[in-house]
Amino acid sequence: MADHLEDDEQVEALKRWWAENGRSTIFAVVLAVGGTVGWQQYQLWTDSQTASAADAWASAQAQLGSEDARQREQGEAAAQAIISEFSDSTYALFAGLQLAKMAVEEGELTVAETYLRDALVIADPESELGQLVQLRLARVLAANGDEAAALAILSQSGETMPVAFATARGDIHLAAGRQQEALSAYLDARAASLAMGNPPGLLDTKITSLESRLSAQEQSS
């Protein structure tokens with residue numbers, strides 16, 4: 001009898017708990033199941049989008065590399081479509097970089113700047129790709145006459161690509177006739193290269209040439 005009473009009490013306690021919490025429990029279970037299913041569906045959709053973007057970029061690359069002018073035009077259109085349709089993907093970043101490079105080759109620096117600024121929205125600024133976008137943007141800005149903006153970009157970043165950033169600073173200063181600033185930047189680039197275990201290469205030639213030029217100027221003055 002005591003066992004039966006205990007069972008009855010447990011049943012009643014379960015009924016009361018269910019009356020108080022049953023609906024919220026069902027709701028939580030539905031949310032958990034729905035969330036799992038939703039996440040799985042989202043993952044499938046994301047994987048599908050990535051695959052589609054990858055296929056589109058492979059096709060665009062092939063067309064852009066063609067010697068046929070019409071094929072290249074179609075490749076440009078395909079690359080622009082990738083930027084529009086897969087705007088948050090790495091492939092949109094690749095497309096923007098390629099289109100910017102082509103614009104530079106055609107002398108359309110303002111167009112190249114637009115593509116690179118759009119690419120910056122996608123790229124992590126601290127990543128290697130993000131730093132590459134900033135480096136190219138700085139060079140485009142300098143070539144288009146906006147030296148101050150170019151140097152501002154190159155002075156704020158570069159942890160991932162210190163040699164390239166310092167070299168670009170040197171090139172911009174040298175083109176503007178600021179030889180001492182150029183030499184200082186090239187020396188920074190050489191130091192960064194040696195710290196990374198890489199030979200300075202062309203940097204040594206630039207540094208030697210500038211040092212000789214500055215030394216000659218000092219002697220003649």
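A few points about this structure:
- Members of the stretch 94-121 that are under 12 Å from the mean Cα position of the chain (by Cα) and more than 17 Å from Ile153 (Cβ to Cβ): Phe94, Ala95
- Residue that is nearest to the chain's Cα centre (by Cα), among those in the stretch 188-206 that are over 11 Å from Thr167 (Cβ atoms) and not hydroxyl-bearing (Ser, Thr, Tyr): Met196
- A count restricted to the stretch 105-126 and to residues that are surrounded by fewer than 20 Cβ atoms within 10 Å (Cβ to Cβ) and part of a helix (DSSP H, G or I) stands at 9.
- Helices (runs of 4 or more DSSP H) enclosed by the stretch 140-221 - at least 3 residues per element that are within 23 Å of Ala112 (Cβ to Cβ): 147-156, 162-175
- Some residue of the stretch 139-159 being more than 25 Å from Thr110 (Cβ to Cβ) and surrounded by 13 or more Cβ atoms within 10 Å (Cβ to Cβ): no
- Residue match in the stretch 212-220 (condition: buried (at least 21 other Cβ atoms within 10 Å of the Cβ) and either among the β-branched types (Val, Ile, Thr) or over 30 Å from Asp88 (Cα atoms) (or both)): no
- In the stretch 85-99, residue surrounded by the fewest Cβ atoms within 10 Å (Cβ to Cβ) [restricted to those that are in a loop (DSSP other than H, G, I, E, B) and not aromatic (Phe, Trp, Tyr)]: Asp88
A quick yes/no check of all residues on (1) touching a residue at least 24 places away in the same chain (Cβ under 8 Å); (2) closer than 30 Å to Ser184 by Cα; (3) touching a Phe, Trp or Tyr at 6+ places or on another chain (Cβ under 9 Å):
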{"position": "Ala62", "(1), (2), (3)": "no, no, no"}
{"position": "Ala77", "(1), (2), (3)": "no, no, no"}
{"position": "Ser87", "(1), (2), (3)": "yes, no, no"}
{"position": "Ala103", "(1), (2), (3)": "no, no, yes"}
{"position": "Val111", "(1), (2), (3)": "no, no, no"}
{"position": "Arg117", "(1), (2), (3)": "no, yes, no"}
{"position": "Leu137", "(1), (2), (3)": "yes, yes, no"}
{"position": "Ala150", "(1), (2), (3)": "no, yes, no"}
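- Qualifying residue in the stretch 69-81 (condition: under 28 Å from Ala149 (Cβ atoms) and either at pLDDT below 90 or among the aliphatic types (A, V, I, L, M) (or both)): yes
- Condition met for Asp146 (among the acidic types (Asp, Glu) and within 22 Å of Ala92 (Cα to Cα)): no
The values are calculated or read from the model by the stated rules, or taken from the named source; none is laboratory data. Everything quoted here is computed from the prediction, not taken from an experiment. Because the Cβ atoms are built from the backbone with ideal geometry, glycine has one as well, and the counts that use them run over all protein chains shown.
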